[in-house]
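Participant: Let me give you the structure first, and then I'll get to my questions.
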Amino acid sequence: MLQELIEAEATARIGAEWNEHTDARTTFRNGHRDKTLSTQAGDLELGIPKLRSGSFFPVLLERRRRIDQALYAVIMEAYVHGVSTRSVDDLVKALGADTGISKSEVSRICQDLDGQLTAFRTRALDHVRFPYVYLDATYCKARVDHQIVSRAVVIATGIAEDGGREVLGVMVGDSETELFWTEFLRHLRERGLTGVRLVIGDHHLGLVKAIRKIMLGAAYQRCRVHFLRNTFAVISKEAGEMVAATIRTIFAQSTADAVRTQLDTVADMLGKQFPKVKEMLLDAKDDLTAFAAFPERHWKKIQSTNPLERINREVKRRTDVVQVFPNDDALLRLVTAVLFELHDEWIAFPRRYLPEGSMEQLYPELPDSAPALPNTTNTTAG
């Protein structure tokens, strides 16, 4: 029955039955490729018709996940533009397009996706306040002006005032300059992002300046994990574990005053042997200890960008399949699809990321009782 339905759809697509001559015929069959379909009744061996020109995949077996659809669209687009690598060519053949695919077919596939992905990227964010916002960047290869270059993919996620998580935005650009980060943060603001109390991120070029300019009233927490990696660049490999263990004691304290005092103590301890590390600690004191102004029950979750690491790993896993994207649009399409699926998981299977009963401390009724933020230029709640 499934095979008959597939053949019927292929006939409708081609415009003619086997060996039938009609004016509506658009192409010819070119054999079948094997397809194993797993069902509750066991594995079924099906044959997917191959076309002499263009491609065909039955709606009955259509890839349901946006990620798979986006990957399919990217591969096809790369194939049409003649920039595919051997691995991409193999994937194209596995998808049944070994005889090529037309540009109009690629456009149709992309249009089906782009509407919903654009709506996701530009959706309003004013339905709830987001006290914590995480920012990070990863890098992928794409073709720009006939050259393969590294492109920055910046991603923002947030923890809402009810303790849930959401993907807030994504953007692809040239670099991580202040102008790029400013454009990205302004886009989040324009979509209604409010109530931000703390922005957690790495010390990317231009990021901190953009936060000061756009996220008024929000403190900036420098990722402790990235900071430790930065210190490894100025010390010997043998001393790495000792220095890291000593710095970690700063984040193991139980009060805000103890955190800041411990940083000074650690700086003095390490400064005798590693003066550059002492200088880095003192220069970054306000940014490294910004988390201490917030509820202690939140500290472990807001000291670093670790919550974004799983997202970045999934993005890289998917983008590594393509290796080199034909353009920025193709890269943005696939990354957005990955984020859309993760976002849907968080919404469909809600799990409080921060403990119940602790979030109300972030928005006290009296402004004067709000926690003091150590590294903001303006304490008006955004």
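The values are calculated or read from the model by the stated rules, or taken from the named source; none is laboratory data. All figures in this text were calculated on a predicted structure; none of them were measured in a lab. Please note: Cβ atoms are built from the backbone with ideal geometry, for glycine as well, and neighbour counts cover all protein chains shown.
Participant: Looking only at residues in region 140-163 that are among the polar types (S, T, N, Q) and surrounded by fewer than 18 Cβ atoms within 10 Å (Cβ to Cβ), which one is nearest to the chain's Cα centre (by Cα)?
Facilitator: Residue satisfying both the conditions and the ranking: SER150.
Participant: Just a yes or no: is a residue in region 58-78 modelled with pLDDT of 80 or more and either surrounded by 15 or more Cβ atoms within 10 Å (Cβ to Cβ) or closer than 23 Å to LYS316 by Cβ (or both)? Walk me through it before giving the result.
Facilitator: Residues of region 58-78 modelled with pLDDT of 80 or more: 58.
Next, only the ones that are either surrounded by 15 or more Cβ atoms within 10 Å (Cβ to Cβ) or closer than 23 Å to LYS316 by Cβ (or both) stay: 58.
For region 58-78, residues modelled with pLDDT of 80 or more and either surrounded by 15 or more Cβ atoms within 10 Å (Cβ to Cβ) or closer than 23 Å to LYS316 by Cβ (or both): present.
Participant: Now, a different point. Sort through ILE200, ILE211 and tell me the only one that's within 20 Å of THR177 (Cα to Cα), in contact with a Leu (Cβ under 8 Å, 6 or more places away or on another chain), outside the structural domain of HIS298 (by TED's automatic domain parsing) and modelled with pLDDT of 95 or more.
Facilitator: Details: ILE211 fails: modelled with pLDDT of 95 or more.
When all the criteria are applied, what remains is ILE200.
Participant: Among (1) more than 30 Å from the chain's Cα centre (by Cα); (2) without any contact (Cβ under 8 Å) to a residue 40 or more places away in the chain; (3) surrounded by fewer than 17 Cβ atoms within 10 Å (Cβ to Cβ), there is one condition ARG310 misses while meeting the rest; what is its number?
Facilitator: The number of the failed condition is (1).
Participant: In region 269-307, how many residues are assigned to a helix (DSSP H, G or I), in contact (Cβ under 8 Å) with a residue 12 or more places away in the chain and of a type outside the set (S, T, N, Q)? Steps first, please.
Facilitator: First, the residues of region 269-307 that are assigned to a helix (DSSP H, G or I): 269-271, 275-283, 285-288, 290-293, 296-302, 306-307.
If we keep only those that are in contact (Cβ under 8 Å) with a residue 12 or more places away in the chain as well, we get 269-270, 276-277, 280-282, 285-288, 290-293, 296-299, 301-302, 306-307.
Adding the requirement that they be of a type outside the set (S, T, N, Q) leaves 269-270, 276-277, 280-282, 285-288, 290-293, 296-299, 301-302, 307.
So the count comes out to 22.
Participant: For residues in region 345-378 being more than 29 Å from the chain's Cα centre (by Cα) and among the acidic types (Asp, Glu), which is modelled with the highest pLDDT?
Facilitator: Checked region 345-378; the qualifying residue modelled with the highest pLDDT is GLU365.
Participant: Six or more apart or on different chains, Cβ under 9 Å: which pairs go from a residue in region 8-35 that's within 12 Å of GLY54 (Cβ to Cβ) to one that's small (Gly, Ala, Ser) and not in a loop (DSSP other than H, G, I, E, B)? Could you list them?
Facilitator: Filtered contacts from region 8-35: ARG29/ALA10.
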